[in-house]
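First comes the structure, then the notes that go with it.
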Amino acid sequence: MENKSMKRMQQEVDEYIGQFKEGYFSPLAMMARLTEELGELAREVNHYYGEKPKKDTEKEKAMEEEIGDVLFVLICLANSLNISLEESHNLVMNKFNTRDANRWTKIEEDK
């Protein structure tokens, strides 16, 4: 599978949504959907790493699929608000590299 930039992923989702008359849902509806997808991801994480095993009747879902669902809805939300996720990423990385530069204990490199 090809390695796609975030910009290309946003374009791909926009092209997909653009083929439907309904277009993007409202930001509030997408926020609810994002919350729903995060809950499904949390359930899978809990099954794999927590104390709550799956019931025999529950379908096996891959963690990658659940993360993909979250990413898809996040891209939809960003697209509907004309927000570049690459720019959002750059903003937060700048924040972490400046404001939070000394917040965590860095691994010392071998000399």
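The values are calculated or read from the model by the stated rules, or taken from the named source; none is laboratory data. Not measured: the values here are computed from a predicted model. Cβ placement follows ideal geometry from the backbone for every residue including glycine, while neighbour counts extend to all protein chains displayed.
Cβ-Cβ distances below 9 Å connect the following pairs, each with a first residue in segment 96-111 that is assigned to a helix (DSSP H, G or I), a second residue that is not aliphatic (A, V, I, L, M), and a separation of six or more residues or different chains: 96/103.
Of all residue pairs spaced 6 or more apart or on separate chains, those with beta-carbon atoms under 8 Å, a first member in segment 1-28 that is over 17 Å from residue 88 (Cβ atoms) and a second member that is at pLDDT 95 or above and among the aromatic types (Phe, Trp, Tyr) are 17/24. Of the candidates 96, 72, the single residue that is modelled with pLDDT of 85 or more, surrounded by 11 or more Cβ atoms within 10 Å (Cβ to Cβ), over 19 Å from residue 33 (Cβ atoms) and of a type in the set (A, V, I, L, M, F, W, C) is 96.
Being of a type in the set (Asp, Glu), modelled with pLDDT of 85 or more and surrounded by 11 or more Cβ atoms within 10 Å (Cβ to Cβ) is a description that does not apply to residue 22.
Residue count for segment 6-27 under the criterion of being in a loop (DSSP other than H, G, I, E, B) and either within 13 Å of residue 71 (Cα to Cα) or touching a Pro at 6+ places or on another chain (Cβ under 8 Å) (or both): the result is 0.
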